[in-house]
Amino acid sequence: MIRLPIPFLAALLTLATPAQAIVGGSEAPDAALARSSVMVLSSRGGVCTGIVLARDVVLTAAHCAAPGAEHRVHFRDEAGSPVLLGVAARAVHPGYDAGAIAGRRRSIDLALLRTDAPLPARFVPAALAGAPVAAGTPLTLGGYGVARPGDHRSTGTFRTATLPLVEPYGPSRILVWLKGATASGACEGDSGGPIAGAGGVLAVTTWASGSGKAACGGVSQGVLVGPQRAWIDRTLAGWGAVPRWE
């Protein structure tokens, strides 16, 4: 029997499957994005989402996997039982700056994790999209985060929300922003999740703002994967894997 460290066990105990939606979205456990997504748990109790790039490689946000804590990749098996995979190797993007938001500095908030065992065959590596998209294009954000801000027991179900791309600060070569007409978008636990368009996963969710008095539902932000292709390809090549690019 595998004995789970207390922080990981506590994180698992908070996971539930409520009949609610991601902030302004809907449950989508059988969607194509869900078959390419897992959870990333931290020994400090943090919960994030990750994108499957190979049977043993997961792309997530750097703040979800930075050194200083242990991490596990989490999913449920066909019987619904929780499974935790250890991390054999990690690569944090060299452009990541942990204090970027507070200091209003540029940061590439991406990390790659190599699991110590392969994911089941039912997981499909995501296709990555490098082509730019125009403002107004509807993109789908997915994640295992909370359905209600502050309610950590509402994590654990994959949910999606389709929102238009906006450019509040002009076109970016690094970031992408999404904002709907109503309160909708990423929240706690959705960091590291996919932002996808017709060509595949365009960006990785890294940050979200509130709407009104709510902690979430404002602007959702992600790091574009296309500009980071060289780093992604080089890292995966070192691990004997090849990402799918569309």
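Every number here is computed from the coordinates shown, using simple stated rules; none is lab data. Bear in mind the structure is a predicted one, so any value in this text is a computation, not a measurement. Quick reminder, even Gly has a Cβ in these numbers, built from the backbone with ideal geometry, and neighbours come from all protein chains shown.
Taking every DSSP helix (H) stretch of at least 4 residues in the chain, weighting each as -39,500 (n - 2.57) and dividing the sum by the residue count yields a mean residue ellipticity at 222 nm of -2500 deg cm²/dmol. The calculated FRET efficiency for the pair Asp151 and Ala198, based on their C-beta separation and a Förster distance of 22 Å, comes to about 0.10. Close amide H pairs (under 5 Å, H built 1.01 Å from N) link Val201 with Ala127, Leu128, Ala129, residues at least 5 positions away or on another chain. When only Cα pairs below 8 angstrom with a gap of at least 6 residues are kept, the chain shows a relative contact order of 23 percent. A simple spin-label model places pseudo-atoms 7 Å from Cα toward Cβ; at Ala181 and Ile101 they are separated by 2.9 nm.
Across the range 165-233, the relative contact order, built from alpha-carbon pairs under 8 Å that are at least six residues apart, equals 32 percent. Counting Lys and Arg as +1 and Asp and Glu as -1 over every other residue whose Cβ lies under 11 Å from the Cβ of Ser42, the net charge comes to +1.
Counted residue by residue at 0.36 nm each, then reduced by the alpha carbon distance between them, the extension gain from Ala121 to Glu246 reaches 42.9 nm. Please list, in order, the residues from the range 117-131 whose amide nitrogen is less than 18 Å from a point placed 7 Å along the Cα→Cβ vector of Ser172. So the set is 129-131. Pick from Arg104, Arg148, Arg72: which residue has the top mean-square fluctuation in a GNM of the chain where Cα pairs under 10 Å get a spring? Result: Arg104 has the largest fluctuation of those listed. Rounded to the nearest 20 debye, the dipole size of the range 126-246 about its Cα centre is 60 debye, using +1 on the Cβ of Lys and Arg and -1 on the Cβ of Asp and Glu. Only sites in a loop by DSSP and with at most 16 other Cβ atoms within 10 Å count here; which chymotrypsin sites (Phe, Trp or Tyr not before Pro) in the range 97-188 make the cut? For chymotrypsin sites (Phe, Trp or Tyr not before Pro) across the range 97-188 that sit outside H, G, I, E and B with at most 16 neighbouring Cβ atoms in 10 Å, the list reads Tyr169.
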